[in-house]
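One structure is given below, encoded as structure tokens.
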Number of protein chains: 2
Amino acid sequence: MIFIDACLKKETEYTPIWIMRQAGRYLPEYMATRAEAGDFISLCKNPKLACEVTLQPIDILGVDAAILFSDILVVPMEMGLDLSFVKNKGPVFANPILKESDLDRLEGDSQDRLTYVYDAISMIREQLSKDKALIGFAGAPWTLVTYMVEGEGSKTYNRVKREVYENPAFMHKLLQLVTDEVIKYVERQIEAGVDAIQIFDSWANALESDVYLEFGWSYIKQICDKIKAKYPHIPIIAFPKGVSNLEKYDGNFDVFGVHWSTPLDEARDALSDRYTLQGNLEPARIYSKERIKEGVESILETMKGKNHIFNLGHGMIPDLKPENAKYLVELVQKMSKRG
Amino acid sequence: MIFIDACLKKETEYTPIWIMRQAGRYLPEYMATRAEAGDFISLCKNPKLACEVTLQPIDILGVDAAILFSDILVVPMEMGLDLSFVKNKGPVFANPILKESDLDRLEGDSQDRLTYVYDAISMIREQLSKDKALIGFAGAPWTLVTYMVEGEGSKTYNRVKREVYENPAFMHKLLQLVTDEVIKYVERQIEAGVDAIQIFDSWANALESDVYLEFGWSYIKQICDKIKAKYPHIPIIAFPKGVSNLEKYDGNFDVFGVHWSTPLDEARDALSDRYTLQGNLEPARIYSKERIKEGVESILETMKGKNHIFNLGHGMIPDLKPENAKYLVELVQKMSKRG
């Protein structure tokens with residue numbers, strides 16, 4: 001699998017590419033399957049349909065890896081929080097965690113209720129071509145905790161930051177609880193057949209640098225240590241979105257995801273001797289083929305001779321054209337060809 | 001004025017401090033005046049009441065500068081866009097700029113309709129103590145154009161980015177139109193009596209680095225050049241929020257505002273030989289006196305021996321305690337005292 005080889009820093013024939021949110025609303029095929037499922041959560045809980053949307057971009061775009069179709073919030077949902085997706089608002093937890101006594105509400109065996117995810121994984125791995133990798137994933141504890149405390153998406157994250165600064169012990173307790181669940185969940189995904197794991201810390205840049213290292217990154221490191229001790233051959237991709245002070249990021253992972261707002265040459269200079277870098281085309285460039293080409297040329301030039309997996313620097317935007325995404329994939333695979 | 005001295009890199013007795021959104025919802029006095037005005041826009045349009053809220057934090061917190069109470073969106077509003085503030089949503093333009101022919105709707109003499117701002121400035125400058133500076137401000141063209149195209153706040157800025165990547169000539173035309181208005185508006189503020197000007201580019205980090213330099217920063221530079229040619233003695237503070245590649249930021253300004261997400265030591269190394277730095281305490285630290293102290297110590301240590309104006313790295317959060325803001329101001333003025 002070219003994707004796994006690139007994760008493990010082996011030389012590859014070309015730079016492998018996949019796209020964050022490659023199975024998503026920009027694809028008419030995805031919209032059709034989702035309509036069949038009823039709604040987003042029902043789609044996550046339906047292994048057969050989740051398998052279907054996971055495989056769609058493999059056929060349509062020709063990417064080198066599939067990523068499990070699911071949502072990072074299934075973990076807190078199965079820990080006991082009432083999750084719904086509200087139109088024009090996004091995910092909402094009706095019963096957020098606001099104080100220490102709320103921790104008693106959280107259940108510590110969420111992984112046993114996430115069987116629909118493992119069922120989807122087995123199904124996908126069976127149907128996916130042997131040369132394509134299947135990436136499993138989980139939300140990082142900091143991002144999950146942000147949702148669990150805020151109860152919904154936030155522009156300023158005031159509630160959770162207030163707790164971080166006023167009640168750090170409470171936050172660490174919650175973060176550790178969630179970390180334990182994430183570790184068990186990732187283990188079960190690996191047992192079910194994923195070839196690699198990505199840890200998404202979407203709200204990493206909501207905290208100032210040193211505070212994130214303490215409340216966010218340290219828990220990702222813990223997850224990496226535990227997973228690598230048990231499954232040393234499974235590559236881990238860490239994606240602490242948009243962080244600065246990159247030289248401070250080390251740990252037991254293989255690939256570091258770079259957000260589009262991070263200058264790729266800075267990430268390369270700070271990290272590429274130790275880790276494969278993944279990223280980081282600005283998703284909005286996919287509006288225009290000309291801008292795609294410009295961006296691909298610049299990124300391949302920056303990463304020349306370094307271990308690299310091509311991706312966007314953030315997820316696909318719903319109103320992008322599938323045709324342009326396909327153009328991107330083919331261009332990267334062609335332009336990066338060695339020899 | 002200690003604030004102006006710091007802008008102009010003269011030695012000062014202590015590090016001057018003001019706070020972005022120091023006149024805002026966290027102050028009961030502000031809420032009372034705003035209730036008297038009726039709503040937010042009416043407050044902006046009422047010179048007497050705008051003067052009142054501008055002066056409140058001077059008395060309550062003891063900051064070293066007042067900042068004109070107004071909103072960056074008064075410029076596009078007076079250019080002909082229908083502005084309203086919708087609860088739990090923020091500013092909304094009912095008639096956004098979606099295509100080139102919409103440019104015909106924009107009026108080029110907005111500065112003549114902004115007299116309520118100049119009236120407020122004269123009133124404030126008359127009542128403000130002579131040792132305190134009055135800062136005027138404007139939104140940077142990129143941020144104003146983002147609002148004008150999106151029609152409202154956005155998480156992903158898809159509409160405006162689509163135009164940037166698909167129709168760059170249209171965007172440059174709109175940006176130049178807005179830049180011309182901002183320049184005339186800033187000139188009128190200076191004529192009315194402000195002692196310094198801050199240019200806020202709140203959505204600077206919505207664009208990838210090189211694209212921001214072209215569509216955002218270049219217009220700020222143009223404003224600085226024009227204003228400095230006419231008013232060389234008026235300090236200009238540029239605040240391109242959260243940008244990276246700091247070594248690329250030069251121009252005819254005096255002070256560079258640093259967002260809390262930017263490591264201050266990086267900003268210092270890249271910029272402090274040429275510019276005074278302003279910032280960058282994480283606003284959420286104001287929840288806790290202990291975290292304020294920790295943050296102030298670290299920032300003063302980082303900026304030791306350099307030209308510095310203390311501020312938050314973003315605006316005040318509505319649920320912060322005025323008492324803690326006052327503690328911050330006194331602490332900075334005391335701890336930074338040269339002796």
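Before moving on, here are some points about what is shown:
- Position B:Lys304, label points 7 Å along Cα→Cβ, spacing to each other copy in nm (shortest first, one decimal): 4.4
- Counting only Cα atoms, the size of chain B along its three principal axes is 61, 46, 39 Å, in decreasing order.
- Debye, to nearest 20: dipole size of the protein assembly as shown, +1 on Lys, Arg Cβ, -1 on Asp, Glu Cβ: 140 debye
- Placing a label point 7 Å from the Cα of A:Gln127 along the Cα-to-Cβ direction, the distances to the matching points in the other copies come to 6.9 nm, shortest first.
- Remark on the stretch A:253-339: hydrodynamic radius 13.1 angstrom, per the Kirkwood mean of 1/r across alpha carbon pairs.
- Taking A:Leu328, A:Leu177, A:Leu312 in turn, the Gaussian network model of chain A (Cα-Cα springs below 10 Å) assigns the largest fluctuation to A:Leu177.
- Neighbouring Cβ atoms from other chains, within 10 Å of the Cβ of residues in B:282-291, number 5 on average.
- Coil-residue trypsin sites (Lys or Arg not before Pro) of the stretch B:253-339, DSSP, other Cβ within 10 Å capped at 12: B:Lys304, B:Lys337, B:Arg338
- Using a 7 Å Cα-to-Cβ projection, B:Lys248 label spacings across copies, nm, ascending: 2.4
- Gain on full extension, evaluated as 0.36 nm per residue between B:Lys130 and B:Lys289 minus their Cα-Cα distance, stands at 54.2 nm.
- Across the stretch B:11-154, the relative contact order, built from alpha-carbon pairs under 8 Å that are at least six residues apart, equals 28 percent.
- Sparse packing (at most 10 other Cβ atoms within 10 Å of the Cβ) combined with a DSSP loop state is found for the following trypsin sites (Lys or Arg not before Pro) in the stretch B:1-101: B:Lys87, B:Lys89, B:Lys99.
- For the stretch B:20-81, averaging the sequence separation of C-alpha pairs within contact (under 8 Å, six or more residues apart) and dividing by the residue count gives a relative contact order of 27 percent.
- The loop-placed GluC sites (Glu not before Pro) in the stretch B:37-127, going by DSSP, that have at most 16 neighbouring Cβ atoms within 10 Å of their Cβ come out as B:Glu107.
- Cα-based Rg and Dmax for the stretch B:164-209, where Dmax is the largest Cα-Cα distance (Å): 13.9, 42
- Per-selection Kirkwood Rh - the stretch A:5-132 (Cα, Å, 1 d.p.): 16.5 Å
- Nearest-ten-degree value, helix A:168-192 long axis tilted from longest Cα axis of chain A: 50 degrees
- Zone of B:Ala35's modelled label, taken as backbone nitrogen in the stretch B:70-97 under 11 Å from a point 7 Å along Cα→Cβ: none
- Candidates B:Leu300, B:Leu68, B:Leu277, ranked by Gaussian network fluctuation over chain B, Cα under 10 Å, top entry: B:Leu300
- Principal semi-axes of the equivalent ellipsoid, √(5λ) from the alpha carbon gyration tensor of the protein assembly as shown, are 44, 28, 24 Å from largest down.
- With Cα atoms, 0 to 90° folded angle of helix A:115-127 axis to chain A main axis: 10 degrees
- Environment charge of A:Leu331, counting only residues whose C-beta is closer than 10 Å and scoring Lys/Arg +1, Asp/Glu -1: +2
- Relative contact order of chain A, defined on C-alpha pairs under 8 angstrom at six or more residues apart (%): 22 percent
- Cα-based radius of gyration of the stretch B:148-267 once divided by 2.2 N^0.38 Å, which approximates compact folds: 1.09
- Residue pairs exceeding 27 angstrom between C-alpha atoms, taken from A:Lys241/B:Lys89; A:Lys99/A:Lys230; A:Lys89/A:Lys241: A:Lys99/A:Lys230.
- Using the Cβ-Cβ distance between B:Lys337 and A:Asp225 with R0 set to 60 Å, the FRET efficiency from 1/(1 + (r/R0)^6) comes to roughly 0.80.
- Estimated 222 nm signal from helices in the protein assembly as shown, with DSSP H stretches of n ≥ 4 weighted -39500 (n - 2.57), rounded to 500: -13500 deg cm²/dmol
- Separation of alpha-carbon centers, the stretch A:223-271 and the stretch B:40-81, rounded to whole Å: 44 Å
- Placing +1 on the Cβ of every Lys and Arg and -1 on the Cβ of every Asp and Glu, with no other charges, gives chain A a dipole of roughly 560 debye about its Cα centre.
- Angle of helix B:322-335 to the longest C-alpha principal axis of chain B, folded into 0 to 90 degrees and rounded to 10: 60°.
- As a proxy for reagent exposure, ranking B:Thr276, A:Thr146 by other Cβ atoms within 10 Å from fewest up yields B:Thr276, A:Thr146.
- Considering only A:Ala140, A:Ala65, A:Ala267, the mean-square fluctuation computed in a Gaussian network model of chain A, springs between alpha carbons under 10 angstrom, is largest for A:Ala267.
Computed from the coordinates by the stated procedures, all read-outs in this text should not be read as laboratory data. These numbers come from a predicted model, not from an experiment. Here Cβ is always computed from backbone atoms with ideal geometry, including for glycine, and neighbour counts include all displayed protein chains.
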